[in-house]
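J.: Once you've had a glance at the structure underneath, I'll fire off some questions.
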Amino acid sequence: MTSATDTERPRAGRALRVRATMVIAALLLVFALLTARLAQLQIVEADTYRHYAERQQVLSRELSAPRGRVFDRRGRLLAASVQRYSIFADPKGVREPDATAAILSEVLGVSRRRLEQDLRKDRYFVWVRRQVPDRLAQRVRRLSLPGVHMRRESKRLYPQGRLGAHVIGFTDIDGRGLAGVERTMDALLRGRPGMETVLCDGGRRIFRSELDRVDREPFQGFDVHLSLDAYIQQIAEEELARAFERHGPEAAGALVLDARDGSVLAMASLPAFDPQNPTATPVANQRNIAITDAYEFGSVMKPFSIAAALDAGAVTPKTEFDCHMGEWHIGARRLRDVQGHGVLSVSDILCHSSNIGTAQVAMRLGIEGLYAGMRAFGFGRQTGIALPGEIGGIVRPLRAWNSYSVVSVSFGQELALTPLAVAGAFTAFANDGVVVHPRIIESISVPDGEAVYTAGEPITGNRAVGPTVAAEVLHMMRRVVAEGTGRNARMDEYPVAGKTGTAQLAREDGRGYSEGRYLASFAGLAPYPDCRVVVLVFLKNPTREGYYGGRTAAPVVRDIIRRTLRYMQVPESETPAPDGGPV
Amino acid sequence: MSQISATEEHLQTRQRVARIGWRRPSVRLTLLFGALVCFGLVMAVSATGTEFTATLTHRLGLTGLGLCAFLLGANTDYHLWRRHHVGLLLLTFIALMAVLVPGIGAVRWGARRWIDLGLPFGFQPSEFAKVTLCIWTAAYCERNLGRIRTFTHGFLAPLALLGLACGLILLQPDFGTAVLTGLVCVTVLMVMGTRPLFLLLACAASLPLLHQLVFDVPYRLRRVTAFLDPWGDPRGAGYQLIQSLVAIGSGGLTGLGLGAGRQKAEFLPGAHNDFAFSVIGEELGFIGSVGLILLLALLLWQCLRVVKGSRDPFGFALALGLTVLLGVQSAAHIAVATGCVPTKGLSLPFISAGGSSLVASMLAAGILVSIARSQEQPERFDFSPPAGDAPLYEQAVNSGLRKLARAGASIVPTPEPEGGDEPRVS
């Protein structure tokens, strides 16, 4: 037995050892196969997986470029962007939606119910509140709520508040220009966003690492310098607001143009809005009615008819017409003047704003002559100002005119014009008969650097009438203020030339004129005879204390001119013009 | 060669071996295990990225506990485990059942596997069950050495018991650990002499059950189909495997550098645990991952030497079981990460996060070192069976050998024939 086991034992042990070795060898073989598999994954197919990894790990992200700034002509800041924190949530990472919503709604003042719904959404991103003040952002950060994050965003600010809102316009919360210069200059203001490459984790959250790189630096948007003068704009808005208060019109507007180069110094519309929060007021308030609405201006257009007749040689300032004591029948129509006159010279006709006289002047000029004259002043075309929504107005083609049109057009009916077009046309009388194009952009420059665009000087426009005619009509308009219908625009400090206008408003349905609704307006140039500014004020349907342009609009123009010229340091007249006397 | 001279020569050898420490198998094993544990420590910290200090502290605490388990295993005579194998089995069953009780077992990631004992980690009975079942199997084999080829003792009894244990693990559910444990124990039984025919029959018989287990549990079926074609559903069932492949593949030859892996940032679920190897592949590349595989292969090679050097059937079977356990689990983990087998939640021993896994693995390592040490100091052990068991032991072995001799089989455990150190089994 002993010998048997002694001889058998080593053999048997060997069998066990062989089997154990086989088991371990099989395991080692598996390891060898796994090594081969690793070689396949990490050497042969490595590029495929590296590519896939890069696709999911690396994010190419935009680096927002700061939006350009808007300045007035003297470098006052009108619009600029600042960096603010925006708070957002990752609903997947929020642990207690209700409690989180309760805390956030209290700190940030957002709707709790909306937040509760948002935080339960099957999404990775919802905004909580955007562009909050740093103080609130700090409070939220200190709460360190899970799933609530913040990122920096650019917020547009308008340091001057509502001032010039219709011109400057506004942006949406993402910084896209929606109105005004913000919209027309959007491409330049926006700049060019940069690109960066960053690493992200499986939840698409970005984490900073040394591998981050900026592929393209962001380029800050250009600075836009407007021709607007914030102070003159302030004057215009204040004076217009006062008239608005006093006369209760539906809408009103004031324009101040540099008479020599057409720069828009002020462009005010009422009712207005806050560019910081444009949705707080009705959408209609956002209309820049100086360019988006066209009106039949009435008597304000008489200087253009008379200038056209003078320029064509049809009449001279001294040519006399019988004004039939304020009532004259032409065909089936009856013309009336506010005050009856007998025989008036052309100069007197304008001075007293006689419809009957103006009609006769235009009839002597003829239908083609009047049409050509109106076109020469640029009516019926856009002025081309760099503001959105400008319309061209309506000047009907000659073939659409009827026998009565020449009469209507001569005193400003049958042609609907934007206030800016009318104000622009008045520059002709200060520029020896040349209409300069109104402009709002003074220059565009790289941020705090050299200008890439300058409006240039002088701006040439269309010659509408000859220099002599321009001087003659300007003189007539001086008489309007000195002794005619525009006496309310007269003041001691500066000699003003101008023209009143009181026109029935066209009915909303386009059929004739509405009874008792008027557009009161006044266009003034000062200081006569070397006029520096053109001011146009119009009130749509004034309801209190008169409706005549001479009564409602002329005092506004007077006050605007006085304050503006003082601001521009134009010397005041030493000897006040005697009342009613020739100037 | 006389008996005395042989003993003298042996003692001289022993002294020489004692001087040159790294030649001792136990020292080699300890160094290899230590290398793996340190590697695991580094990778655990690397895989976390953020919360560096907290992770390091936690992992150091776990490693300390693991070290205690290692020292326990290495410094006790491994026969201790044989003496208490029945008690250990009972404890294992109690723990495996307790974890299924809702009040006791904690549910994480859809499975009830943890018991909170106030340790820095959740106590996971199935991790320790792997080791205790290895101990029990080894002890069983030794006790039934003579009857191991019979159907009842070599197959039915152990398989029934193991099946019960694995069934409990399966209930958690933990498919991977159940299969792994069963596979390791059956391998030990096979090596120790169970007839392969029974196992083939058992396999054939369990096929319907396996089919049921795979095809009636939707997530397992999804995993199987996802394994076959992960790109068919890259955002759903195939997501984890694809992310693992992307991690390993994008590592390339040299890797992205330690700590520079990106897939662990919420792309790859379980990056620090069931897919720890993927992070190694990404950060250390082909060179690093093959280095780890070589380290594991070297460890298996050394363990095999310890297995073959065992001086008694229990030591042989236990060393083999623990070696196969560590080897198969590592291989399975890497195979899962590289998409060679369907996704199963198996940790990488010594490296994956998970306290139970680390402590149990280090306990197994300690037992292996203890077995290795027993071969170096033969004079320390009395290889006679324990006094109380002696009649039973001798009777069992002798009757088994007689039966074997009659059957003409040649299966008797034999340790290294080294002079007078032979275990007296006859």
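J.: What residues have an amide H closer than 5 Å to that of B:Gly255, excluding those fewer than 5 places away on the same chain, when H is modeled at 1.01 Å from N in the peptide plane?
T.: Long-range HN contacts for B:Gly255: B:Gly285, B:Phe286.
J.: Peptide B:238-249: average number of partner chain Cβ atoms within 10 Å per residue?
T.: Mean number of neighbouring Cβ atoms from other chains: 4.
J.: Of the chymotrypsin sites (Phe, Trp or Tyr not before Pro) in segment A:398-493, which ones lie in a loop per DSSP and count no more than 10 other C-beta atoms within 10 Å?
T.: none
J.: Ballpark to the nearest 100 Å², how much total accessible area do B and A bury together, probe 1.4 Å?
T.: 4400
J.: Turning to a different aspect of this structure: If you take the charge dipole of chain A about its Cα centre, with +1 on Lys and Arg Cβ and -1 on Asp and Glu Cβ, which of A:Asn355, A:Leu38, A:Ile173 is farthest toward its positive end?
T.: Going by the charge dipole, the pick is A:Leu38.
J.: How high is the FRET efficiency between A:Asp274 and B:Leu258 when r is their beta carbon distance and R₀ equals 45 Å, given to the nearest 0.05?
T.: Approximately 0.20, to the nearest 0.05.
J.: Further, regarding this structure: Can you say what percent of the DSSP beta bridges in chain A, counting only those with both residues inside, are antiparallel? Round to 5.
T.: Numbers: 79 of 82 bridges.
Among the beta bridges of chain A, antiparallel pairing accounts for roughly 95 percent.
J.: Let me ask another. Can you check how the C-alpha radius of gyration of chain A compares to 2.2 N^0.38 Å, as a plain ratio?
T.: 1.52
J.: If you don't mind, another one. Within 10 Å of each Cβ in B:288-298, how many Cβ atoms from other chains are there, averaged over the peptide?
T.: Taking the mean over all residues of the peptide, I get 3.
J.: Can you work out the PRE-style zone for A:Asp212? Point 7 Å along Cα to Cβ, and I want the residues of segment A:47-74 with backbone N under 18 Å.
T.: Within reach of a label on A:Asp212: A:57-66.
J.: Now, a different point. In sequence order, what are the phi-derived ³J(HN,Hα) couplings for segment A:132-142 according to the Karplus relation 6.51 cos²θ - 1.76 cosθ + 1.60 with θ = phi - 60°, rounded to whole Hz, with x for glycine and proline?
T.: Values per residue, Gly and Pro as x: 8, x, 4, 4, 5, 4, 4, 4, 5, 4, 5 Hz.
J.: Restricting attention to segment A:83-142, which trypsin sites (Lys or Arg not before Pro) occupy a DSSP loop and are surrounded by at most 16 other Cβ atoms within 10 Å?
T.: Passing both the DSSP loop test and the Cβ count: A:Lys92, A:Arg95, A:Arg120, A:Lys121, A:Arg123.
J.: Please list 3J(HN,Hα) in residue order for segment B:286-292, calculated via the Karplus relation 6.51 cos²θ - 1.76 cosθ + 1.60 where θ = phi - 60°; whole Hz, with x for glycine and proline.
T.: 4, 4, x, 5, 5, x, 5
J.: Moving on to the next point. Can you show me the helix-derived [θ] at 222 nm for the protein assembly as shown, built from DSSP H runs with n ≥ 4 at -39,500 (n - 2.57) apiece and divided by the number of residues, rounded to the nearest 500.
T.: Working: 33 runs with 481 residues, N = 1009.
Taken over the protein assembly as shown, the calculation gives -15500 deg cm²/dmol.
J.: Ok, one more. Collect residues whose amide H, placed 1.01 Å from N in the peptide plane, falls under 5 Å from the amide H of A:Leu78; neighbours closer than 5 in sequence don't count.
T.: Amide H neighbours of A:Leu78, under 5 Å, 5+ apart: A:Val70, A:Phe71, A:Asp72.
J.: Sticking with this one: When only C-alpha pairs under 8 Å and at least 6 residues apart count, what is the relative contact order of segment A:185-288, in percent?
T.: 20
J.: I would also like to ask the following. From the gyration tensor of the Cα coordinates in the protein assembly as shown, what semi-axes in whole Å does the equivalent ellipsoid have, largest first, with each one equal to sqrt(5λ)?
T.: Ellipsoid half-lengths, sorted descending, are 106, 24, 22 Å.
J.: What's the FRET efficiency of A:Arg463 with A:Tyr567 using the Cβ-Cβ distance as r and R₀ = 35 Å, to the nearest 0.05? Present the calculation step by step, with values, prior to reporting the outcome.
T.: Values: r = 31 Å, r/R0 = 0.89.
Step by step, r from the Cβ atoms, then E = 0.65.
J.: Also: Cross-link candidates for B:Lys264: which aspartates and glutamates have Cα within less than 19 Å, leaving aside residues fewer than 8 places away along the same chain?
T.: Partners found: A:Glu54, A:Asp201, A:Glu210, A:Asp212, B:Glu51, B:Asp274, B:Glu282, B:Glu283.
J.: Between A:Leu143 and A:Ala372, what is the label-to-label distance in nm when each label sits 7 Å out along the Cα-to-Cβ direction?
T.: Placing both labels 7 Å along Cα→Cβ, they lie 7.5 nm apart.
J.: Could you put A:Trp127, B:Trp231, A:Trp328, B:Trp136 in order of accessible surface area, largest first, with the 1.4 Å probe and the full protein assembly present?
T.: In descending accessible area the options line up as B:Trp231, A:Trp127, A:Trp328, B:Trp136.
J.: Give me the base-10 log of I(q)/I(0) for segment B:36-167 at each q in 0.11, 0.21 Å⁻¹, Debye formula, one uniform scatterer per Cα, rounded to two decimals.
T.: -0.56, -1.26
J.: Tabulate in residue order the Karplus-calculated ³J(HN,Hα) for segment A:339-350, using 6.51 cos²θ - 1.76 cosθ + 1.60 with θ = phi - 60°, rounded to whole Hz; enter x for Gly and Pro.
T.: 10, x, 9, x, 8, 10, 6, 4, 4, 5, 4, 5
J.: Just grab the label-to-label distance for A:Arg14 and B:Ser206, each label 7 Å out from Cα along the Cβ direction, in nm (one decimal).
T.: Here the answer is 3.3 nm between the modelled labels.
J.: I need to check one value: relative contact order of segment A:60-224, counting alpha carbon pairs closer than 8 Å and at least 6 residues apart, in percent.
T.: Averaging sequence separation for qualifying contacts and normalising by length gives 32 percent for segment A:60-224.
J.: Note down the relative contact order for chain A as a percent, whole number, built from C-alpha pairs under 8 angstrom at least six residues apart.
T.: Reported relative contact order: 13 percent.
J.: Something else: Beyond a 22 Å Cα-Cα separation, which of these cross-linked pairs lie in this structure: A:Lys318/A:Lys499; A:Lys121/B:Lys344; B:Lys130/B:Lys344?
T.: Working: A:Lys318/A:Lys499 19 Å; A:Lys121/B:Lys344 32 Å; B:Lys130/B:Lys344 16 Å.
Going by Cα-Cα distance, A:Lys121/B:Lys344 fall outside the 22 Å limit.
J.: Could you calculate the contour length gain from A:Thr21 to A:Arg123, that is, 0.36 nm times the residue separation minus the distance between their Cα atoms, to one decimal place in nm? Please report the intermediate quantities before stating the final value.
T.: On the way: separation 102, 0.36 × 102 = 36.72 nm, distance 5.62 nm.
Contour length minus Cα-Cα distance gives 31.1 nm.
J.: Please report, in debye to the nearest 20, how large the charge dipole of chain A is about its Cα centre when each Lys and Arg carries +1 at its beta carbon and each Asp and Glu carries -1 there.
T.: The dipole of chain A has a size of about 2680 debye.
J.: Here's something else I'd like to know. For chain A, what does the accessible surface come to per residue with a 1.4 Å probe? Please give it in Å².
T.: Value returned for chain A: 44 Å² of accessible area per residue.
J.: Considering amide H positions built from the backbone, and no H for Pro or chain starts, which residues 5 or more places from B:Arg113, or on another chain, come under 5 Å of its amide H?
T.: Here B:Ala106, B:Arg108 satisfy the definition.
J.: Would you mind getting me the FRET efficiency between A:Ile173 and A:Asn402? Use the beta-carbon distance for r and R0 = 45 Å, nearest 0.05. Please list the in-between numbers first.
T.: Working: r = 52 Å, r/R0 = 1.16.
So the FRET efficiency works out to roughly 0.30.
J.: Loop only per DSSP, at most 14 neighbouring Cβ atoms within 10 Å: give me the GluC sites (Glu not before Pro) in segment A:483-514, ordered by residue number.
T.: In loop regions of segment A:483-514 (DSSP not H, G, I, E or B), the sparsely surrounded GluC sites (Glu not before Pro) are A:Glu508.
The values are calculated or read from the model by the stated rules, or taken from the named source; none is laboratory data. Bear in mind the structure is a predicted one, so any value in this text is a computation, not a measurement. Note that each Cβ is placed from the backbone with ideal geometry, even for glycine, and that neighbours are counted across all protein chains shown. Areas reflect the complete protein model, heavy atoms only, side chains present, ligands, DNA and RNA absent. Shrake-Rupley method; radii C 1.70, N 1.55, O 1.52, S 1.80 Å.
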